[in-house]
Structures are given as C-alpha cells and as structure tokens.
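These notes concern the structure reproduced below.
Derivation of every value follows stated rules applied to the coordinates shown; laboratory data play no part. In this text the structure is predicted, and so the values were computed from the model without any measurement. Don't worry about glycine lacking a Cβ; one is built from the backbone with ideal geometry, like all the others, and counts go over all protein chains shown.
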Amino acid sequence: MGIRERLSGNEAVATAMKQINPDVVAAFPITPSTEIPQYFSTFVANGSVDTEFVAVESEHSTMSACIGAEAAGARAMTATSANGLSLMWEMIYIASSLRLPIVMSLVNRAVSGPLNIHNDHSDAMGARDSGWIMLFSENNQEAYDNMLMANRIAEHKDVLLPIMICQDGFITSHSIENIELVEDDKVKEFIGTYKPEHYLLNKKEPIAIGPLDLQSYLFEHKAGQAQAMKNAKKVIEEVSADFAKMTGRKYGFFEEYKLEDSDIAIVCMNSTAGTAKFVVDNLRAKGIKAGLLKLRMYRPFPVEEIANALSHLKAVAVLDKADSLNGAGGALYTDITSAMYVCKKQVPTINYVYGLGGRDTRADEIESVYTDLLDIVKTGKIENPYRYLGLRKGDEK
C-alpha cells in the first residue's frame with residue numbers, strides 16, 4: 001500500500017530526493033525551483049538524510065559541484081530553472097560528455113529576456129541537444145514517480161548519462177495535489193546502491209577526468225554518447241515496467257489518450273495535457289473523434305513509436321510551449337514532423353506556439369485547435385502550418 005499525501009510538485013520532488021538519500025546535493029536558489037533545495041536542506045538539518053548539502057554561489061558552480069561529486073564516485077542531484085540552467089550551460093555539456101549520471105529536477109520557466117519567472121519550456125528546449133535524458137511530467141504524481149526512476153535509468157551501465165526531470169513552474173511546482181508516495185524501504189530497494197565502475201577516488205584505478213580530447217578521439221566519444229542515448233530507450237522501458245510492478249502506475253514513452261480510434265489529435269507535453277484531456281472528453285461527448293498524445297520521454301526521442309501512433313490520423317496539431325525563433329515552428333513540431341517523414345507516415349500536421357511566459361491556455365483555446373483540425377480534414381488545405389495560440393492580435397510586433 002502506498003502512502004497518501006497532499007504535496008506541491010516541488011515538495012513531491014524533494015520528498016523523492018529524501019527517499020533516494022543521495023550522497024551530494026548542490027544547489028543555488030532560482031524561482032520557481034527554489035523550494036526543492038529549501039525543503040531538502042530541512043531534511044539534511046533534521047537528520048532525515050545523511051547527504052552532503054553544498055550551498056554554492058551560482059548555478060555554474062552547482063553543476064560543477066555535481067560533476068566533481070559524481071566523478072569522485074558519489075550519487076549527486078540538483079534542481080534549477082530557466083536562467084539557472086542557462087548559467088550552467090558550459091557544465092551541462094561537460095556533465096553529459098563525461099558520462100556522469102547526475103539527476104536534475106528542471107522546473108520549467110521562461111528564459112530571460114525580458115525577465116519572466118513564469119512557465120514555458122524555453123529552458124528545456126534550449127538544452128534538448130546537450131546529451132541529457134529528458135522526461136516530462138504532467139502532474140505532481142508523475143514528477144515524483146519520474147524522479148524515483150531517474151537514478152535507475154541514468155546509472156545503468158549501458159546508459160551513464162545525466163537526466164532532467166521536467167515539470168511546469170508554478171502550474172505543478174507550487175500547486176498542491178493528492179499523490180501516492182512509495183514506502184521508504186521500497187524506494188531504497190528499487191533505487192539500489194550506486195556502484196560506479198570508474199571513479200576518481202578508486203585508488204586501485206588511477207584515472208583522469210575531463211582530459212583534452214582532440215581530433216583523434218572526440219568524434220568516437222560523441223558517437224558513444226549518441227549510442228548511450230539510443231540505449232536509454234530500452235532502459236527507460238525496463239525501469240518503467242519495474243516501477244509499474246511496484247506501484248501499479250504504468251508509464252510509457254508517451255500516453256495515448258483516446259487516440260486509437262481518433263480522426264484528429266493534439267501532441268503536447270507536461271501540464272497542458274490535463275486541459276487537453278478535458279477538451280477531448282467534451283468533444284467525444286459531441287461525437288467528435290478527438291484524441292491526445294502526451295509525450296513523456298523527449299530525449300531520447302521515440303521516433304518510430306510516435307510515427308506509428310499518429311499514422312492513422314487525418315490531421316495532427318503539435319503544441320510547443322517555446323518558440324525556436326527559426327521561422328519554421330517549435331522544437332517539438334520539428335521533431336514530430338521529422339519522425340513522420342523518416343518513417344514515411346504522411347499526416348497533415350500543424351504547429352501552435354502557446355503559453356509563453358506563463359500565458360494561460362484555456363480549454364476553449366485548445367478546443368479551437370481541434371476545430372482547426374476538423375477544417376483541415378474537411379478542406380484538405382493547410383494555409384499556414386506555423387501558428388500562435390492565445391496571442392493578442394496586433395501586439396506581436
């Protein structure tokens with residue numbers, strides 16, 4: 001039996017970290033992720049964990065401390081948001097290229113400028129090709145569950161890559177929901193003990209970390225990283241299956257909500273999926289075959305699986321909570337259309353950039369997307385595949 005609780009998304013993640021009891025947590029405060037290290041520092045102070053908590057002077061130092069700890073053979077974790085992730089930029093790439101399985105909670109927030117502390121996915125999308133595994137979370141329960149699975153995934157011998165667990169700033173991070181916690185002893189058994197094969201403090205194997213890597217070897221090392229990311233797909237599937245056996249909560253690469261017999265569907269990530277499900281239910285009650293694909297695993301990207309899941313549809317809309325500013329749609333849209341093209345699954349697909357800087361996205365706006373899809377099915381025409389949702393007219397210049 002699980003433990004019923006009422007927690008915010010931030011407190012749920014901090015609770016998962018407490019149950020994992022990592023060797024090192026390094027952190028620097030930034031809204032809206034500040035509560036995670038704040039809660040965790042309380043666990044350190046009252047003796048609930050024996051973690052070494054390192055309060056550093058910047059986010060760059062945060063990731064540097066995690067890299068040093070993980071390279072030394074310790075299990076290291078942190079949390080950040082937006083500009084904090086940006087300040088880590090150099091170290092984000094170093095962490096992944098050194099194949100260090102650091103776990104980070106990324107509470108998604110708009111990256112400045114202009115300054116904005118509210119939710120969109122510009123921070124995560126900026127780091128999408130940095131070599132980190134990325135899992136997204138619709139609600140507090142999923143953020144907690146993903147956090148419990150993170151170490152098992154990242155530390156697997158065939159992976160050894162850092163991982164980000166993403167959730168929407170304020171929308172889930174500060175909202176309180178009923179969730180079910182796993183008992184501490186079960187978490188400890190599920191996570192296991194971290195036993196790195198190569199680490200700096202192993203006196204039997206003297207090694208160097210972060211050496212100069214020039215033309216002779218860098219290409220091969222990057223190919224190794226790429227293979228590790230491919231390997232992560234199978235590991236994520238296996239770990240999710242083990243988690244389902246323990247809790248009864250099953251997670252795939254994505255969730256198909258009333259998608260199987262749909263004519264039209266939306267693809268989105270994180271908390272927007274909750275609103276989309278509500279709209280799907282209302283449309284179904286009217287006899288409209290609408291569906292939803294909620295992506296959980298963004299890196300590695302499940303190319304074949306997504307293409308197959310969407311292939312039967314008559315029209316698809318991809319919702320991006322960040323704009324790539326490339327004149328050709330958001331990052332998720334680009335990935336989805338690339339997957340469909342490579343797998344030779346041709347479905348009319350349009351993109352909506354929405355919710356930037358925390359702009360509310362209402363149910364009626366989501367319904368308007370489905371209305372647009374019905375029009376595409378009826379006319380067979382897409383006038384403009386690159387669109388905005390919820391943008392005030394005339395203010396975009």
0 to 90° range, to nearest 10: angle between helix 331-342 axis and the chain longest Cα axis: 70
Average projected area [Cα convex hull, the chain], square nanometres: 20.8
Among PHE170, SER137, ALA127 the positive-end extreme of the charge dipole of the range 3-247 (Cβ point charges): ALA127
Label-point gap, in nm, between HIS312 and PHE53 - each point 7 angstrom along Cα→Cβ: 5.1
Extreme residue, positive dipole direction of the chain, given options ALA55, VAL159, PHE190 (C-beta unit charges): VAL159
About the Cα centre, charge dipole magnitude for the range 12-171 (Lys/Arg +1, Asp/Glu -1 at Cβ), debye: 160
Lys, Arg +1 and Asp, Glu -1 on Cβ, resulting dipole of the range 254-389 about Cα centre, debye, nearest 20: 80
Residues in the range 361-377 reached by a label modelled at ARG392 [backbone nitrogen below 16 Å; 7 Å Cα→Cβ]: 361
Neighbour cut-off at most 11 other Cβ (10 Å), DSSP loop, trypsin sites (Lys or Arg not before Pro), the range 119-165: LYS157
Label point at GLN346 placed 7 Å out along Cα→Cβ; residues across the range 251-272 whose backbone nitrogen lies under 11 Å: none
Over the chain: helical MRE at 222 nm, DSSP H runs n ≥ 4 each giving -39500 (n - 2.57), nearest 500: -12500 deg cm²/dmol
Estimated dipole of the chain in Debye, rounded to 20 [Cβ of Lys and Arg +1, of Asp and Glu -1, Cα centre]: 760
Cα-projected label distance for ALA45 with ALA226, points at 7 Å along beta-carbon direction, nm: 4.9
Among PRO22, LEU100, ILE209 - extreme Cα towards positive end, dipole of the range 3-247, charges at beta-carbon: ILE209
Filter on LYS222/LYS345; LYS222/LYS250; LYS250/LYS277; LYS286/LYS381; LYS233/LYS321 - keep pairs with C-alpha separation over 21 Å: LYS222/LYS345; LYS222/LYS250; LYS286/LYS381; LYS233/LYS321
Mean separation of Cα contacts under 8 Å, 6 or more apart, over the residue count of the chain: relative contact order %: 16
